[in-house]
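This report refers to the structure that appears directly beneath it.
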Amino acid sequence: MELKHTRVISFLVLALLTGLDTPLRPIFSLVLFSYFPGLLIVSLMKKRVDIPELVGLPLLVGISFWILFFYWTSGLPVLTWYVLGGVSFVCAVLADRQTLMVSYEHYWSVFILGFCCLFVVSYLYPWDQFFQWMPPGDDMKFHIPQIEYIISEHALPQDYGALYPEISTLTYSLGYHITAGLTVVAGYSIPSVIVATFFIVSLACFSFYYLGKTLFDWKTGIYAAFSFAFLSLFFHRLSSTGTYPNLLAVALHVAGLSLLVEIMVEKPGVSRLFEEVNKRCGILCVILLFSGAAETHPYILVLEGMVLGITLLYWSWKRDFRAGALSVVTGAGVLLLLVPFFLRFDPEPLSELEIATFTAWYRIDSFLSMQDLIRNIGIISPLLLFLGVFGCMMVERRWILGIWSISMMIIPLLSVFQIRYPEWYTISPNRFFFFLFMPLSIMSGRFLSSMEEYMTFRRFAGFLLILIVVSTGMHHHNLFHSFSQDPVSQVQMNTDDAFVIDWIAAYTPHDAVILNTGPVADCSSWVPALARRKVIFPFFSGHRGDNCIKTLKPYSKLADLKVLTHTPDSDLALTVLEKYGIRYIYIPAWRQIPWLDLHPELLVGSPLYRTLTKKGDAYLFEVQGDTHPKTTYFTVMEAKQISSCSGMVSLFFDPVVSFGVRGILYVQIDYADTTHEQIDIYANEKYQETIYTYLTGEERSLLLPLSPLEPSTILFRGTNDFVLEGISLLVGVEDCIRLSETVGLQGEWARTESGVIAPAGEKNLQVLVVTVSGGEVTLVYRDVGMGDVTIFGIDVHGERHFLQTISREGTGNDGTVTISLQGEYSVLALGVDVHGDDFLIVGITYTT
């Protein structure tokens with residue numbers, strides 16, 4: 001049957017549906033703008049298609065077309081509905097002039113593929129955690145601002161936006177973001193992006209059908225799509241973390257590979273679908289799909305380079321120079337179309353911190369033991385591997401599947417020997433290994449197709465039903481523990497955090513800097529995407545590209561801000577907050593991976609922070625920079641330039657404190673960040689904290705609470721010998737007035753412009769003197785009022801020792817008394833009893 005003069009009508013119908021405000025509007029918009037350019041290209045390439053090809057292939061080709069189009073016009077604001085609509089309409093008119101024959105043989109296969117697509121959608125989202133269409137995982141925290149920019153500004157972003165101008169380049173592949181931008185008619189919203197994403201990602205079922213059909217027959221294509229949708233676990237894992245660009249790139253790559261195979265190889269007994277002119281158009285279509293996939297995810301770019309390179313070697317060995325030439329032309333064409341993508345790269349040498357960080361990550365993702373291999377096979381799916389291996393034995397033309405599989409094994413094999421190659425740090429070896437699910441799906445499809453031929457219909461249907469039931473159990477009920485509990489795969493948003501983030505968007509200034517508690521598995525890092533406010537630890541703090549680690553310095557900031565996890569009520573904490581211009585602190589209700597482990601109760605009890613809003617366990621605080629901490633700190637011991645011996649430093653301190661002094665012992669560690677080191681800190685054999693140094697050359701301090709004023713042994717244990725700039729032991733006293741570095745007042749004293757008033761008759765008025773070793777206290781008072789003032793010392797047992805009586809006569813003059821002290825004290829309390837009128841103290845000093 002020949003279709004003519006129907007494309008324009010279809011365009012108008014879709015345009016009408018797109019104009020209606022329905023939940024499917026994003027999908028209608030995407031189909032309207034991508035289908036007809038793709039259909040025109042497909043009709044130039046092929047003269048006959050089946051129903052699944054007519055439905056899915058134009059969409060995939062059209063998506064690739066727009067990805068390339070907008071990369072080549074990235075500096076121009078052309079991503080508008082009228083440009084998209086105009087191009088699509090012209091393509092519909094031109095497609096009407098092409099002759100495209102449609103084969104209705106096995107037309108019902110499109111319904112099977114539709115069923116596979118629906119099953120994929122069933123696990124693309126953790127529906128049991130549904131919350132306002134918020135995507136699972138962390139990746140969309142990065143993608144959503146880029147999509148919003150594309151839809152609102154009608155152009156591709158060149159950097160990380162106004163919130164993070166310090167990152168001047170954006171090299172991340174934007175193919176998925178452009179595709180999501182095709183929903184421009186529906187306007188920007190997270191639900192519209194997610195709905196459109198579910199549609200485009202499920203098209204991968206059609207891609208696997210095309211490749212299976214091209215390599216073997218339509219039945220293999222159907223079962224390949226079934227194997228991909230039902231038996232593969234890795235695609236599910238990617239979707240459960242919101243890694244949608246990778247999913248779309250897989251769909252485009254597999255579709256492109258199917259066309260490449262169709263051009264290179266003629267199956268025996270099958271009439272040629274390509275004339276020479278069509279073959280040339282077919283190569284252009286392959287280049288289009290490969291380029292679109294490469295600009296959607298960098299891993300696919302590397303995979304395609306390996307596939308084309310090994311294919312060239314294979315055909316050269318076979319002396320088939322025509323097929324080898326097709327590989328060269330395809331590779332050259334892809335490189336040419338990727339020129340705008342490559343021009344975005346601005347490589348810089350890695351810093352020592354980046355090298356150390358990436359080396360650690362590379363090692364974690366590598367294959368260094370048999371356990372690593374077994375674990376990663378389990379992530380792909382043991383069932384898919386089992387059927388795929390059996391299918392491999394039945395594959396007649398193994399060359400493309402072999403080349404494909406070998407391409408996916410090169411980087412994992414290099415990781416076995418920890419071999420580094422250009423840009424080695426940007427690719428996870430295990431993630432590359434997981435791509436084996438693609439050839440395994442094709443081989444599994446071949447195995448199932450062969451089984452259908454050798455088994456009776458009843459037995460095969462029963463076997464297929466068992467596979468469906470088992471697959472449903474694996475994907476939806478964690479059968480066989482297919483998915484371990486992973487917070488990275490969860491929907492992070494909830495009612496409490498959504499309320500606080502909405503409050504931030506509504507009531508904080510646009511230039512506000514907010515301290516959040518972590519970049520990943522932490523709801524607070526959604527703030528830039530949802531509230532458009534800057535946070536200290538955005539999701540891309542650990543991004544391996546664009547020099548994010550070097551520029552954002554997340555580890556340095558974490559080292560500085562650690563003081564807030566232990567002693568937020570301190571001048572040191574306030575100094576660090578001022579250093580980074582932090583005005584607000586957001587502690588979310590949902591945080592699963594400890595990064596900056598802030599405790600809201602510590603902030604609630606400090607005058608340095610004001611609670612702006614709270615819902616459930618989600619808090620938003622405002623930093624009160626013009627106030628003073630509730631706790632006053634006095635240094636009772638200091639040591640400078642401490643060098644470790646065999647990687648250890650031990651310090652014992654037995655405080656001598658007057659009975660009744662209320663305080664906590666703290667240790668302040670001052671160090672220079674000049675090495676790459678890890679130092680664990682213990683107090684009385686109990687772990688306290690770890691100091692990490694990152695070769696930044698900066699001076700840092702950390703203040704830790706140890707215990708009440710009791711004997712303490714502090715141990716520092718490093719991986720190598722280290723040097724600390726200083727260790728200080730401090731006594732922290734609440735509700736204390738500091739007069740000097742060694743003198744403070746505890747009790748109900750009243751500060752005035754003239755001095756400090758000791759109220760008459762008030763009990764428990766104390767003068768605290770620290771680091772006493774004999775010496776004397778000089779007290780200057782103003783002789784106003786009448787009555788005696790008695791001053792006495794309090795020893796460690798609580799006994800009072802008379803020291804001085806001051807008799808006042810009301811002369812109004814300043815008087816001075818000198819009090820001699822005996823013994824050694826870390827903190828000595830001098831009691832003050834005031835009789836008669838209030839007692840005005842002008843100043844108190846201590847000298848040894």
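The values are calculated or read from the model by the stated rules, or taken from the named source; none is laboratory data. All of these numbers come straight from a predicted model, not from anything done at the bench. FYI the Cβ positions are ideal-geometry reconstructions off the backbone, even for glycines, and counts take in every protein chain you see. Side chains included, ligands, DNA and RNA excluded: accessible areas come from the protein's heavy atoms. Shrake-Rupley method; radii C 1.70, N 1.55, O 1.52, S 1.80 Å.
Return one number: the angle in degrees, 0 to 90 and rounded to the nearest 10, between the long axis of the Cα atoms of helix 457-477 and the longest principal axis of the Cα atoms of the chain.
Roughly 20 degrees between the two axes.
Run the paramagnetic zone check for LYS550: 7 angstrom along Cα to Cβ, then residues of the stretch 417-455 with backbone nitrogen under 19 Å.
Label zone hits: 421-427.
Could you sort ARG7, ARG738 by their accessible area in this structure, using a 1.4 Å probe and putting the largest first?
Correct descending sequence by accessible area is ARG738, ARG7.
May I ask you to evaluate 6.51 cos²θ - 1.76 cosθ + 1.60, the Karplus curve with θ = phi - 60°, for each residue of the stretch 225-242 and list the ³J(HN,Hα) values in order in whole Hz, giving x for glycine and proline?
Coupling constants for the stretch 225-242: 5, 5, 4, 4, 6, 9, 9, 6, 9, 5, 4, 4, 4, 5, 5, 6, 10, x Hz.
In whole Å, largest first, what are the principal axis extents of the Cα atoms in the chain?
Over the chain, Cα extents along the principal axes are 121, 57, 51 Å.
On average, how much accessible surface per residue is there in the chain, in Å², for a 1.4 Å probe, leaving out ligands, DNA and RNA?
Heavy-atom accessible area per residue stands at 41 Å².
What are the residues whose amide H is under 5 Å from the amide H of VAL491, where those residues sit 5 or more places off or on another chain and H is modelled from the backbone?
The list, which skips near neighbours in sequence, is GLY137.
Once fully extended, how much extra length lies between HIS628 and THR816, figured as 0.36 nm per residue of separation less the alpha-carbon to alpha-carbon distance?
Separation in residues times 0.36 nm, less the Cα-Cα distance, equals 64.7 nm.
So if we plug the beta-carbon distance of THR805 and THR848 into 1/(1 + (r/R0)^6) with R0 = 22 Å, what FRET efficiency do we get, rounded to 0.05?
0.35
Considering only protein heavy atoms, what is the solvent-accessible area of TYR209 at a probe of 1.4 Å, reported in Å² to the nearest 10?
0 Å²
Could you tell me which of the pairs LYS47/LYS213; LYS213/LYS318; LYS553/LYS630 are separated by over 21 angstrom between their Cα atoms in the structure shown?
LYS213/LYS318; LYS553/LYS630
Summarise the accessible area of the chain (1.4 Å probe, protein heavy atoms) by the percent that is carbon and sulfur.
60 percent
With just the Cα atoms of the stretch 689-775, tell me how far they stretch along each of the three principal axes, in Å, largest first.
58, 30, 27
Could you calculate the FRET efficiency of ASP795 with ASN764 from 1/(1 + (r/R0)^6), where r is the beta carbon distance between them and R0 is 25 Å, rounded to 0.05?
According to the calculation, E is roughly 0.95.
Using protein chains only and a probe of 1.4 angstrom, how many square angstrom of CYS392 are accessible, to the nearest 10?
Spelled out: CYS392, probe radius 1.4 Å, area about 50 Å².
So how do HIS154, HIS236 rank on accessible area, 1.4 Å probe, biggest first, that is with the largest at the start?
The ordering from most to least exposed comes out as HIS154, HIS236.
What residues have an amide H closer than 5 Å to that of ILE514, excluding those fewer than 5 places away on the same chain, when H is modeled at 1.01 Å from N in the peptide plane?
LYS534, VAL535, ILE536
Once phi is turned into ³J(HN,Hα) by the Karplus curve 6.51 cos²θ - 1.76 cosθ + 1.60 with θ = phi - 60°, what whole-Hz value does each residue of the stretch 605-614 show in order, with x for glycine and proline?
Here the 3J(HN,Hα) series is x, 10, x, 6, 9, 10, 6, 7, 7, 8 Hz.
Using modelled amide H (1.01 Å from N, peptide plane; none on Pro or chain starts), what sits under 5 Å from the amide H of GLY545, excluding residues fewer than 5 places away?
HN-HN under 5 Å from GLY545: empty list.
When a/c is below 1.5 the answer is rounded, else prolate if a/b is larger than b/c, else oblate, so apply that to the stretch 547-636 with a ≥ b ≥ c taken from the square roots of the Cα gyration tensor eigenvalues.
oblate
Dipole magnitude of the chain about its Cα centre, charges +1 at Lys/Arg Cβ and -1 at Asp/Glu Cβ only, in debye to the nearest 20?
Charge dipole of the chain: 4980 debye, to the nearest 20.
When N is the residue count of the stretch 185-258, what does its C-alpha Rg come to as a fraction of 2.2 N^0.38 Å?
1.19
What figure, in Å² to the nearest 10, do you get for the accessible area of GLU453 with a 1.4 Å probe and non-protein molecules left out?
Approximately 120 Å² of GLU453 is accessible to the 1.4 Å probe.
Which order do the peptides 191-201, 123-133 come out in when sorted by mean C-beta neighbours inside 10 angstrom, highest first?
Per-residue mean Cβ counts within 10 Å order the peptides as 191-201, 123-133.
Using the beta-carbon distance between ARG322 and GLU105 and R0 = 35 Å, what value does 1/(1 + (r/R0)^6) give for FRET efficiency, to the nearest 0.05?
That gives a FRET efficiency of 0.70.
Can you run phi through the Karplus equation (6.51, -1.76, 1.60; θ = phi - 60°) for the stretch 371-376 and list ³J(HN,Hα) in whole Hz, with x for Gly and Pro?
Once rounded to whole Hz, the list reads 4, 4, 5, 5, 4, 6.
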